[in-house]
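Note sheet for the following structure.
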Amino acid sequence: MTKQTSDGSAGDADYGTIGAGYSRHRRPDPRIAAAVAAALGPARTVVNVGAGAGSYEPVGPEVTAVEPSAAMRAQRPPHLPPAVDGVAEQLPFGDDAFDAAMTTFSLHQWRDPAAGLAELRRVTRGPVVVLTCDPRRVRDFWLYAYAPLVLETEAERYPSLPAIAEALGGEVTTTPVPVPADCTDGFNEAYFGRPELLLDPGARRACSAWSFVAPEVCESYVAHLRRDLASGRWDERHASLRRQPVHHGSLVLVRAVP
């Protein structure tokens, strides 16, 4: 059976501890949301697994959200339906119960991603859509020079794209997702041209990989970044990113149909 924290978080991150204020920093970006909605297609019923506070749930279809963390379920806004308390690996639904399925920024949290993806495929008769990151590209980001253990943690947690495709089966397509310069969803790469925002402890807490690195090490990373921003050294190396409209990084959208 999947082990959970006292909060109910079923993965390796304890959202009872780090989830406070998550919805303030991880607001769905409309351009990324449009890509997710397009991948779901004309589905009338959608299951959203690892739904968290409801980011990227489409408007229109009937959405059933599944989220094990009580802290995250409590942050769902009033206009969204309450989430079912459950885990990806043991979905409480029958075969082919939904037109489509989705999971966004959640797969790397699951205890057994392959089992969870197999469950998504089992309960879905149409497309399964996964917004995730390609672990091969996570380190190809300026933050690696400042917080190497944070990005090493991220790269190790994300399942490989071939592993995702194998678990889902069927016809699988993978599409890179550009990250806008003013992205409202505060994952690490969203700050590619706004490094100052990563000085905010709340912004870092909303990126779970920071929670796996010792606090004193994280503080040294932040101090390094703060010094380079104050001295202008960061801008000497990366000033062009402040003018770059989008970042082509590790973010991808995986879509599988039977």
Quiz item: Applying the selection to the range 48-63, what residues are aliphatic (A, V, I, L, M) and more than 16 Å from the chain's Cα centre (by Cα)?
Solution: V59, V63
Quiz prompt | Output for the range 69-95, where each listed residue is over 27 Å from R31 (Cα atoms), touching a residue at least 40 places away in the same chain (Cβ under 8 Å) and either in contact with a Cys (Cβ under 7 Å, 6 or more places away or on another chain) or not aliphatic (A, V, I, L, M) (or both) | solution = D85, E89, Q90, F93
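For V138, are the conditions met, namely being crowded, with 23+ Cβ neighbours inside 10 Å and either hydrophobic (A, V, I, L, M, F, W, C) or part of a helix (DSSP H, G or I) (or both)?
So V138 passes the test.
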Quiz item: Restricting the range 233-257 to residues that are in contact with an Asp or Glu (Cβ under 6 Å, 6 or more places away or on another chain) and among the small types (G, A, S), which is nearest to R125 (Cα to Cα)?
Solution: S250
Quiz item: Is there any pair linking a residue in the range 13-41 that is crowded, with 16+ Cβ neighbours inside 10 Å and modelled with pLDDT of 95 or more to one that is part of a helix (DSSP H, G or I) and not charged (D, E, K, R), with Cβ under 8 Å and at least six apart or on different chains, and which?
Solution: D29/A190
Quiz item: Given (1) over 30 Å from W234 (Cα atoms); (2) of a type outside the set (S, T, Y); (3) in contact (Cβ under 8 Å) with a residue 40 or more places away in the chain, where does A147 come up short, assuming only one miss?
Solution: (1)
Quiz item: Where residues in the range 188-224 are modelled with pLDDT under 95 and part of a loop (DSSP other than H, G, I, E, B), which of them is nearest to A256 (Cα to Cα)?
Solution: C207
Self-check item: Selection within the range 155-183 - assigned to a strand (DSSP E or B) and either of a type in the set (S, T, N, Q) or closer than 16 Å to G249 by Cα (or both)
Solution: T173, T174, T175, P176, V179, P180
Self-check item: Tally, over the range 178-222, of residues that are touching a His at 6+ places or on another chain (Cβ under 7 Å) and buried (at least 18 other Cβ atoms within 10 Å of the Cβ)
Solution: 6
Quiz item: Just a yes or no: is a residue in the range 74-94 surrounded by 23 or more Cβ atoms within 10 Å (Cβ to Cβ) and aromatic (F, W, Y)?
Solution: no
Exercise. Run down S240, S231, S160 and say which single residue is within 30 Å of D96 (Cβ to Cβ), loosely packed, with under 14 Cβ neighbours inside 10 Å and small (G, A, S).
Key: S160
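Listed here are the residues, each with its yes/no results for (1) crowded, with 21+ Cβ neighbours inside 10 Å; (2) farther than 27 Å from N188 by Cβ; (3) in contact with a Gly (Cβ under 8 Å, 6 or more places away or on another chain).
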{"residue": "W110", "(1), (2), (3)": "yes, no, yes"}
{"residue": "R122", "(1), (2), (3)": "no, yes, no"}
{"residue": "V128", "(1), (2), (3)": "yes, no, no"}
{"residue": "Y144", "(1), (2), (3)": "no, no, no"}
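The values are calculated or read from the model by the stated rules, or taken from the named source; none is laboratory data. Please read all numbers here as calculations on a predicted model, not as lab measurements. Cβ coordinates were reconstructed from backbone atoms using ideal geometry, including for glycine residues, and neighbour counts include every protein chain displayed.
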